[in-house]
Structures are given as C-alpha cells and as structure tokens.
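So the structure is just underneath, and the comments pick up after that.
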Amino acid sequence: MLGPPGAGKGTQATLIAENLKIPQISSGDLFRDHQDRDTELGRVARSYMKDGVLVPDKVTITMVMDWIEQNTGVGGFLLDGFPRTIGQAKALDQALANSGGIDLAIYVNVPETELIHRLSGRLVCSKCKTQYHTIFAPPSEPCICDKCMTELNQRDDDKPEAIKKRFQVYQEETAPLIGYYQVLGRLREVNGVGSIEKIGERLLRALD
Ligand code: AP5
C-alpha cells in the first residue's frame, strides 16, 4: 500500500487483510510498537518520527525483513507504508527475488486538502491502538475508545509542523516509487476519496 500520509493506508490495509485472510504490517506501527516497549530501535525511530522524517533505510529494511521472514508460507502478505524509498524497494525486490517479487503496489491517491483534514482530526487509542477521527469516525464518547474505554490521543506527528514535513518527505522520497512500480507494470492506482466502504470496494476490485 503506497500513498501519502493520511491516505487511508492503515484503515484499508486492516480491512483487506481481514477480507483476504492474510497477515499485514505497517512499518509505522512496528516502530510505534518498539517505542511502546522502549526498545533501542524504538528510541532511534522516535527521534526521526516526531519530526516527520523517515527512519534510515538500514534500520527500516532490517526490521521489515525480519517480519517478512516470520510471515512467509502463509499465502501472501500485505505491507502498509513499506517500501517508502527506492532503496527500500530494491531491498524488497532482492529479498523476494526467488518468488518473483511483490504482485502489486496499490497507490491510494488523495488530494492534500483532504489529507490535512484527516490527519489533524485523527485520534488513536493509547491501549488497543484503534483509530478514530473527530468528524469522519468519532468515538461514542468524546476522546474515549469504544473498544477498551481507554483515553484517545493525537499522534505527535499529526501536529501541524510535522504534517507539513511529512508531505515534503513524501514528495521527495516516496512519490518516485509510483514511477518505479509503473515501469515494472505492477502499479494500480485507486481513488482514495469517498467513504471507507466505497474505497475498500475499489481496492478489492484492483486486487482481483
Ligand atoms: P506511518 O505510521 O506509516 O504514517 P503515514 O504513512 O504518514 O501514514 P498514516 O498512518 O498517517 O496514514 P494512513 O495512510 O495509514 O491513513 P489512516 O488509515 O491512518 O509512518 C509514520 C512515520 O514512521 C513516518 O513519518 C516515518 O518517520 C516512519 N516510517 C514508517 N514507515 C517507514 C519506512 N518504510 N521508512 C522509513 N520511515 C518509516 O487514516 C488517517 C485518518 O483518516 C484516520 O483518522 C482515519 O480514521 C481517517 N480516514 C481514513 N480513511 C478515510 C476516509 N475514506 N474518509 C475520511 N476519513 C478517513
């Protein structure tokens, strides 16, 4: 799943993985899990993520490759937010060379004004990590998780300065992957504006 910050990659990746019964991972979630457990990797990642810049390739590639190794032989998997640089894409191609590489890169296209609305209203449960949105997907009680009744927080990198930086980094380092996968004939572009259900249907059609 490829797309700018707030495109709905995480929301849709969870739904697709449930539908296709395959494991999925978000590199951002892996980093946040390390931060919650206060590992050395988590501390390194936090110093980059809070400012909205990418964690260095070497650290990211090792972490995601470990996850892939533990999840092979299960009929496929879905990566959300990885690869995010040409270096990461080449490392992934190399790692999957024996199985012909990834099947598809799905690019979720959403205009920047919509992305800003989505990111600035996002709330995340500090315990079970369920995501909400103040307007588009509000919890039943303000700032309380419907599932585990824990307090909801804003992500550090959803503050205005970090959002601006993430958009800039996306344009410079991640958007070139659209051309990379187009040349390989593996890109599918999906309109990421609309209801979560409608976008989910478009994505499943693109994957068919
Ligand atoms: P990461 O956590 O991957 O953040 P991101 O790519 O910026 O993506 P987001 O999680 O913000 O958005 P999303 O597209 O998943 O949208 P979501 O479904 O959440 O990465 C964070 C950081 O980690 C990076 O900046 C970097 O530092 C580091 N990192 C991660 N991967 C890396 C890598 N490979 N290499 C190096 N560094 C890496 O939706 C957003 C909001 O919109 C939610 O509130 C949701 O409820 C709402 N929403 C979703 N769909 C809709 C809809 N259709 N209509 C209305 N609202 C919607």
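The values are calculated or read from the model by the stated rules, or taken from the named source; none is laboratory data. All figures in this text were calculated on a predicted structure; none of them were measured in a lab. All Cβ positions, glycine included, derive from the backbone under ideal geometry; neighbour counts span all protein chains shown. To get the accessible areas, we keep the full protein, side chains included, count just its heavy atoms, and leave off ligands, DNA and RNA. Shrake-Rupley method; radii C 1.70, N 1.55, O 1.52, S 1.80 Å.
Assorted remarks:
- Full-extension gain in nm, D51 to L204, via 0.36 nm per residue minus C-alpha separation: 51.7 nm
- The chain, helix-only ellipticity at 222 nm - DSSP H runs n ≥ 4, -39,500 (n - 2.57), divided by all residues, nearest 500: -13500 deg cm²/dmol
- In terms of overall dimensions, the C-alpha atoms belonging to the stretch 82-208 reach 48, 33, 28 Å along their principal axes, ordered largest to smallest.
- The Cβ shell under 13 Å around L184 holds other residues with a net charge of +1, Lys and Arg each +1, Asp and Glu each -1.
- Cα-derived Rg to Rh of the stretch 131-197, Kirkwood definition: 1.11
- Accessible surface comparison of I25, I135, probe 1.4 Å, protein chains only, largest first: the order is I135, I25.
- Sequence-ordered 3J(HN,Hα) estimates for the stretch 84-95 from the Karplus curve with 6.51, -1.76 and 1.60 and θ = phi - 60° stand at 10, 9, 4, x, 5, 5, 5, 5, 5, 4, 5, 5 Hz, glycine and proline given as x.
- Cross-link reach list, lysines versus K50, counting only Cα pairs under 26 Å and skipping chain neighbours closer than eight places: K9, K58, K127, K129, K159, K164, K165
- Close amide H pairs (under 5 Å, H built 1.01 Å from N) link Y107 with L2, R188, E189, V190, residues at least 5 positions away or on another chain.
- Sites I178 and S140 - FRET efficiency at Förster radius 45 Å, r taken between beta-carbons, to 0.05: 0.70
- Note on K90: aspartates and glutamates with a C-alpha under 13 Å away, same-chain residues under 8 apart excluded, are D57.
- Secondary structure note: in the stretch 92-197, about 60% of the DSSP beta bridges are antiparallel.
- For the stretch 1-158: relative contact order, % (alpha-carbon pairs under 8 angstrom, 6 or more apart): 26
- For the stretch 1-128, dividing the convex hull volume of the Cα atoms by the residue count gives 124 Å³ per residue.
- Antiparallel bridge percentage (DSSP; both residues within the chain; nearest 5): 45
- Rg and Dmax [Cα atoms of the stretch 103-166; Å; Rg one decimal, Dmax integer]: 13.4, 41
- Local net charge near L115, Cβ-Cβ under 15 Å (Lys/Arg +1, Asp/Glu -1): +4
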